[in-house]
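The structure appears below as structure tokens.
Bear in mind these aren't lab numbers, they're just calculated from the coordinates by the rules spelled out. The shown structure was predicted, so the numbers you read here are calculated from the model rather than taken from an experiment. We place every Cβ from the backbone using ideal geometry, glycine too, and count neighbours over all the protein chains shown.
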Amino acid sequence: MALSPDYRTYTGATRAAETAAVLDAGLRAYMLRVYNWMSSGLVLTGIVAYGIANTSLLELFWREVQTPRGIMHAPTILAYIAMFAPLAFVMVLSFGVNKLSTSAAQALYWAFCVAMGASLTNIFIVYTGQSITRVFFITAGTFAAISLYGYTTRADLTKLGSFMIMGLFGIIIASLVNMFLGSAGMQFVISVIGVLVFVGLTAYDTQRIKATYVQSVYAYGPEMAAKRSVYDSLSLFLNFINLFMFLLQLLGNRNSSS
């Protein structure tokens, strides 16, 4: 007697395959949204930093001071505010992403990017424009490769992420200590470790964002995905900026006047 096909099994397998396909398509669209937010934020940050550094607005943030070594640039109160303002936006977005509306989260993200741009104006004083451009593209290439690895690897990077976060705290402490010591050798070591830490965090955060979408964001619908994509782009944005700054310290050419 011929065996009839098990339509229930076939239907169940088909539905599972269709669900997996929908989830995979949603994940790709979500990651693209995250990267678009991050890229747009970097563009805005760069425009603000360059605009301030190359106009009279620079005087509001950095004033020229005559020293035995020549004319130096000293930060104003507004410069200190700009330095710490991004941290305030990060904390609000981190702790309030679930309570904020989508439009509020997006507005805070744009405000954060503007504040970050204002805080980075000093790199145009310290480093040559050519080296800033060169290091930016080096950072972009490195970031893209590492983020792709984090997205595609099947290895669990949870332990790596925990280790990198411990390294981040170590960098912060060492940087605070070196503010008083002023050691060039110690700064070099901090920069090298900083590059390694943010390379690791980029891979870890990319995998974490992917896993978070699959586990929770997908189930909560488009409203949560819209808000969460802003928050997730913030994580990658910070990794990119910090990686760029540490590479700039290692590879950037300083202006003769700095």
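The ranking of L157, L234 from fewest to most other beta carbons within 10 Å of each one's beta carbon is L157, L234. For K210, the lysines whose Cα comes closer than 21 Å to its Cα, not counting residues fewer than 8 places off in the same chain, are K159, K227. Between L87 and M224, the simple label model (points 7 Å from Cα in the Cβ direction) yields a spacing of 3.2 nm. Once backbone amide H atoms are built at 1.01 Å from N, R63 has A74, T76 as its partners under 5 Å, excluding neighbours fewer than 5 places away on the same chain.
Counting other Cβ atoms within 10 Å, which trypsin sites (Lys or Arg not before Pro) in segment 73-172 have at most 10 and lie in a DSSP loop? For trypsin sites (Lys or Arg not before Pro) across segment 73-172 that sit outside H, G, I, E and B with at most 10 neighbouring Cβ atoms in 10 Å, the list reads K99, R154. Annotation: segment 18-251 has a Kirkwood hydrodynamic radius of 19.1 angstrom, from the mean reciprocal C-alpha pair distance. Near Y127, the amide H atoms lying under 5 Å from its own belong to N255; only residues 5 or more places off or on other chains count, and H is placed 1.01 Å from N. Here M91, M164, M83 are placed in order of increasing Cβ neighbour count within 10 Å, fewest first, which gives M91, M83, M164.
Measuring nothing but alpha carbons in segment 120-196 and taking Rh as the Kirkwood radius, the Rg to Rh ratio lands at 1.04.
The residues neighbouring F237, those whose beta-carbon lies less than 15 Å from its own, together hold a net charge of +1 under the Lys/Arg +1, Asp/Glu -1 convention.
Among 36-44, 166-174, 145-153, the peptide with the highest mean count of other Cβ atoms within 10 Å heads the list, and the full ranking is 36-44, 145-153, 166-174.
Legend: ranking of residues I77, I123 from fewest to most surrounding C-beta atoms inside 10 Å; resulting order I77, I123.
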